[in-house]
1. Taking the condition of being in a helix (DSSP H, G or I), surrounded by fewer than 24 Cβ atoms within 10 Å (Cβ to Cβ) and of a type outside the set (Lys, Arg), how many residues in region C:146-162 meet it?
2. Considering only region B:201-213, I want to know if a residue exists there that is touching a Leu at 6+ places or on another chain (Cβ under 7 Å) and either within 9 Å of chain A (Cβ to nearest Cβ) or among the hydroxyl-bearing types (Ser, Thr, Tyr) (or both).
3. Mind listing just one residue for me: the one in region D:181-200 that is acidic (Asp, Glu) and in contact with a helix residue (DSSP H, G or I) (Cβ under 9 Å, 6 or more places away or on another chain) and, of those, farthest from the other protein chains (Cβ to nearest Cβ)?
4. Determine, yes or no, whether residue C:285 is more than 19 Å from the chain's Cα centre (by Cα) and part of a strand (DSSP E or B).
5. Look at residue D:276 and say whether it is of a type outside the set (Asp, Glu), under 30 Å from residue C:226 (Cα atoms) and more than 10 Å from chain C (Cβ to nearest Cβ).
6. Got a number for residues in region D:282-314 being without any contact (Cβ under 8 Å) to a residue 60 or more places away in the chain, small (Gly, Ala, Ser) and more than 24 Å from residue D:219 (Cα to Cα)?
7. Yes or no: residue A:68 more than 23 Å from residue A:322 (Cα to Cα), under 21 Å from the mean Cα position of the chain (by Cα) and of a type in the set (Phe, Trp, Tyr)?
8. Which one is farthest from the other protein chains (Cβ to nearest Cβ) among residues in region D:163-180 that are in contact with a Pro (Cβ under 7 Å, 6 or more places away or on another chain) and surrounded by fewer than 24 Cβ atoms within 10 Å (Cβ to Cβ)?
4 protein chains.
Amino acid sequence: MHKVPVGVLGASGYAGRELCGLIAQHPALELAFAAANDQRGRRARIGASEVTYVATEDAPLNKAEVVFTALPHGASAKWVGNARENGARVVDLSSDFRPGAVANAISKSQAPYGLTELMRAKIPGAEIVANPGCYPTAVLLAIAPLLKAGCVVPGATINISAASGVTGAGYSARPDLLFAEVAEDFKAYAVGNEHRHIAEMQAVTRELGGKDNDILFTPHLLPVARGILATITVPVNEYTSDPSALWRDCYRGEPFVEIADEPPSLRDVVRRNVVRVSIAKAANVRQPTLIIISAIDNLVKGAAGQALQNANLLLGLSEQAGLPA
Amino acid sequence: MHKVPVGVLGASGYAGRELCGLIAQHPALELAFAAANDQRGRRARIGASEVTYVATEDAPLNKAEVVFTALPHGASAKWVGNARENGARVVDLSSDFRPGAVANAISKSQAPYGLTELMRAKIPGAEIVANPGCYPTAVLLAIAPLLKAGCVVPGATINISAASGVTGAGYSARPDLLFAEVAEDFKAYAVGNEHRHIAEMQAVTRELGGKDNDILFTPHLLPVARGILATITVPVNEYTSDPSALWRDCYRGEPFVEIADEPPSLRDVVRRNVVRVSIAKAANVRQPTLIIISAIDNLVKGAAGQALQNANLLLGLSEQAGLPA
Amino acid sequence: MHKVPVGVLGASGYAGRELCGLIAQHPALELAFAAANDQRGRRARIGASEVTYVATEDAPLNKAEVVFTALPHGASAKWVGNARENGARVVDLSSDFRPGAVANAISKSQAPYGLTELMRAKIPGAEIVANPGCYPTAVLLAIAPLLKAGCVVPGATINISAASGVTGAGYSARPDLLFAEVAEDFKAYAVGNEHRHIAEMQAVTRELGGKDNDILFTPHLLPVARGILATITVPVNEYTSDPSALWRDCYRGEPFVEIADEPPSLRDVVRRNVVRVSIAKAANVRQPTLIIISAIDNLVKGAAGQALQNANLLLGLSEQAGLPA
Amino acid sequence: MHKVPVGVLGASGYAGRELCGLIAQHPALELAFAAANDQRGRRARIGASEVTYVATEDAPLNKAEVVFTALPHGASAKWVGNARENGARVVDLSSDFRPGAVANAISKSQAPYGLTELMRAKIPGAEIVANPGCYPTAVLLAIAPLLKAGCVVPGATINISAASGVTGAGYSARPDLLFAEVAEDFKAYAVGNEHRHIAEMQAVTRELGGKDNDILFTPHLLPVARGILATITVPVNEYTSDPSALWRDCYRGEPFVEIADEPPSLRDVVRRNVVRVSIAKAANVRQPTLIIISAIDNLVKGAAGQALQNANLLLGLSEQAGLPA
């Protein structure tokens, strides 16, 4: 069978390697190139397959129908442009084209936000898809049903305490990410609502109906390789008898969204392209509040898997093709 | 030098072993007995010392001036009574005598709450000290300055997302605590504000001034052996220029409380009898909110270390004796 | 397409769950039953699929063409008999029918040893396949080429230091397997050449040509969930220029054996049905000695994956069907 | 009480930090300086104390009676010379002056090897002490009794499979030491008897009596922060009824050597200045062979703790002063 050639820029990072591995197992795609300056000329085994890295400059962009850009934030926009000039469509895994990005000069119609389950309609015709960040994916898919239904207390703050495995920080040789520093530790970072993903979450929250709801977000670094768990508390106008019904309705038929009775754990979602969500009513408080727990694999549903969902839509393939549910 | 004999009931659990290790290094205490039914007759090395376990029934309670009861919740009250009948004073590490405990028939004057830094006055003369829970220690020491100063928005919910190492669940052979189940995982539990420590936190919050503030608490299980990190968000009436000044004032001269400029990590506090707290103002939200991060070692400041602080006070010793700051 | 029904006894242990997960993804097999007494009536998610456990007594053995017995050593033989009486062929993952098993009253022709790459011929016609132990799989596939070529110094001891992840100890709630006990630790066990797998390794070593070579084996417990690494030193008669040539010849065309230039790590093999082996000449010693490093996933090539290889052969399917290489 | 000023060069690495922490708790020493070029001007908390780093060039070498050099191998010799010119005596933690070091132009009488328990006599009068490597400490203390007693089979190879926590690789930001690379992994390195510690082990083995015994050493990288476990097999002339008697005799009265009945684990030795050794006879082999398991904390007995033992001897203090046994 003829396979569609696709390429990956930034292919030696954690998200890039995950992409190469998924592409190798995809029934309708083949890897035209894997570019990574620091690994140029080297071979690497990724799962059961092998890649040979080329320099980014040497990537044959015109050979790929879709280019995935998994480059550092800020460095991506230029290469998205290069890929477009070579006729490729692009799924960009950086934050350069996402809602809330300050320097983004491209219109949303050109680069729609690829939170696929919620914004599927605009993807097939797009030139560029702005693939969501890992934390925003976990959070926005979890709170969207409440926002769309108008159940959040007006003016209330949506409070998120989230924790990510270390691959979320990228494949960079920072001393604070060494095994002997991370093991047996746990800490918060970007404390004070300062994380760079907040603008993205805030902007999409407004789009989804939370016009006057602020996001308060505190991320933490977990001593695990992969996975994000977000614990979200949302003041609501009133309790319903079965609060998760709203989510089941909103995501009926979605293969990559799981509404769970028990709080999800990282173990439930790693190496799978799903978000798994549980909803509970807070007891012992006067202000009715829902506690939503959301879990994803930051490298799959939070990066490479969702990117492939979007690429499948760009190419007219089944959205589920090549994706481990 | 003459040393004061003390005994430990429940000495084979994680808190009990920590206590035995601290007592072995204490300059003024000696271990009269270490009781643990499941280990009776066995020797165990704890740090650089060794203990020989006796059955709980065989513990020579009358030989100890202070008995530490590190027994399961519910099983402790009876043994506290036995120790009292034998003339010993008791530091009880269970929840049986703590604020909020339902079946507690003993008055608070008989069994004061041993959150030492905040309630030091009542300890020296007590017969029984109700040693605080690990989560309440991390949370209450962190929010007390705000509550006492009346800075919390009336009626506001105090939101706590906390994570604990697995020793917090005790030394019990549960399949869900096996290495292969916990490693690389992270999950919430007691979701819905249902944790049994909530009554304790809520009761003390009221005592400290938070008359109409509810506690919303979601604990998580971390893949680490020891340590608790609590991320606490508190709506406040207004921001001050240096929010941590309130904490520095409140805890001036306290050897076991550290107010940090950077968010504390577990690594900062493990094997030390301290609580380490940072305070930050939330940006990008309309409701002024402080984000307080609090870290303790659940087995030291959250259990055995604080118990020793209280025992030191009971015995008229320096509160810091034998404690690693 | 019609799928062949197979069943699993002992389906809630680590090897049993791995089998159920592999069967769910197998193109030609379907799960007729998953039996586990301690989980009877419960549902469990395994990867992307779900199983409902039945009691072992209630397993419809006659509905399965192949039954996998993943029961404790000693308990398996009886159920292998029951399955046979119901007309099923059996792949037995216990040690009950393996070479060296003391109480094994069944002839080797009835229950051939399923070290597939080396003993493939006898599997298709077998009633029972004795699936190899995890350590023997890692060790025997690694040393077989040397033994068959007669290169080992006569009378020399083959020295093996091996380390296994904790799933090798099974899904049993032992206090010494708790996260807080295993994390940050490492230790040897069965020291003194006392491990119960030694008889199996010794017996097969003799069959493969090591008539007068003894096995000296020291296993260790690793703080990882899965994976075995065996470091094997073998005195040889002389060095050849490329020592790995012997292995490449021996395993030419084998999809599940990888001869590597660099020492393999667990990361290279987890979740894959492969053994990965490297060979190096010892420098700085007078006695020529090869250092062979062998890595497998103890639950895949060391248990469920190899069992499926054997089942594929029993059923006349492609040996690779359903197996992640 | 007057304390003796000592200084640390290379104070920001793992061994250097451990040294600073031990010095802070030492009853008779005080830290004159902590030098680390990459941290110059920064403050760091180490345990309960704090240090302010100076540049190596700015270290006031003449203010210290003993200088500890914890610099990279090769870079140390020059600074040892500088310290000597400033009148300080030196404990050198690098390999520059150890037995087997190729470029070592200094005589052994000037720089004796500081394997304290075995070579205590030469330390007090030394100008420079060559502090042993971590692996050699674990191995040589374990095999010395056998070598000295002449029990090893002449010409036999002493086979060592050892595993170290990642702090053994130093505090260097290498991608292969990142948490996400090391966790859940295990691998051998320097395979082929090529580790740079082999010359040191081989030279001292000869000194201790193993004139014609070769060392075959394969190290591994463990997913733990600290600790070394060495599994050593030694062919012996014959078995005695109690093989560990030889070790108990050899190390009688030594506070930092523990002869154990059960195989030691890392957990037994971390944060303690001890080597813990067990001895077992190999069953099921024709060649009598002892299996010796040896465990140390690579940063304490394998580096900073042993360095302090040696400094105590240099300064005429109790050898045990300031050391956690």
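The values are calculated or read from the model by the stated rules, or taken from the named source; none is laboratory data. Just so it is clear, the model here is predicted, and its values are computed rather than measured. Glycine gets a Cβ as well: all are built from the backbone with ideal geometry, and neighbour counts include every protein chain shown.
1. The qualifying residues number 2.
2. Yes; the residues of region B:201-213 include at least one that is touching a Leu at 6+ places or on another chain (Cβ under 7 Å) and either within 9 Å of chain A (Cβ to nearest Cβ) or among the hydroxyl-bearing types (Ser, Thr, Tyr) (or both).
3. D:200
4. When the stated conditions are applied, residue C:285 does not pass them.
5. The answer is yes for residue D:276.
6. 1
7. Taking the combined requirement at face value, the residue does not satisfy it.
8. D:171
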